[in-house]
Amino acid sequence: MLLIDCPWCGPRAESEFRCGGESPIVRPAAPASTDDTAWADYMFYRDNVKGLGFERWHHRFGCGLWFNVARDTVSHRILAVYGMTDPRPVLESEA
């Protein structure tokens, strides 16, 4: 079981959280003028990386807030936890 460090509540068991998928997903600036391919990319297609991935998590049985996690999808090791509006951290494995 993962131990996730909620930025507001501290370390909690994974069972208190819900993964919201890849982060960040940026909505097209003008949806009405976005072509079908770009809209499908935004709505349905994700990278599904093996290794370092960035995800949104929701503390559903705690504070109810969303935050981002940098996690190795192979080892499940959490490398960073940061707020929804914070910039993506630079990690040693990326440098």
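The values are calculated or read from the model by the stated rules, or taken from the named source; none is laboratory data. The structure displayed is predicted, hence computed values, not measured ones. Cβ atoms come from the backbone with ideal geometry, glycine included; neighbour counts cover every protein chain shown. These accessible areas exclude ligands, DNA and RNA; they are computed on the full protein's heavy atoms, side chains included. Shrake-Rupley method; radii C 1.70, N 1.55, O 1.52, S 1.80 Å.
Tallying residues that are hydrophobic (A, V, I, L, M, F, W, C), closer than 16 Å to LEU2 by Cα and part of a loop (DSSP other than H, G, I, E, B) within the stretch 61-71 yields 1.
Considering (1) open to solvent by less than 70 Å² (accessible area, probe 1.4 Å); (2) in contact with a Cys (Cβ under 7 Å, 6 or more places away or on another chain), the lone condition that TRP8 does not fulfil carries the number (1).
What tally of residues in the stretch 31-56 results from selecting those that are open to solvent by 80 Å² or more (accessible area, probe 1.4 Å) and in contact (Cβ under 8 Å) with a residue 40 or more places away in the chain? Of the residues in that region, 0 qualify. Of the residues making up the stretch 72-85, those that are free of Cβ contacts under 8 Å to residues at least 60 places away in the same chain and either buried (at least 17 other Cβ atoms within 10 Å of the Cβ) or not in a loop (DSSP other than H, G, I, E, B) (or both) are ASP72, LEU79, ALA80. Within the stretch 23-30, does at least one residue satisfy the condition of being open to solvent by 90 Å² or more (accessible area, probe 1.4 Å) and either touching a Phe, Trp or Tyr at 6+ places or on another chain (Cβ under 6 Å) or farther than 17 Å from GLY83 by Cβ (or both)? Yes: one or more hits. Looking only at residues in the stretch 2-60 that are at positive phi and in a loop (DSSP other than H, G, I, E, B), which one is modelled with the lowest pLDDT? Residue satisfying both the conditions and the ranking: ASN48.
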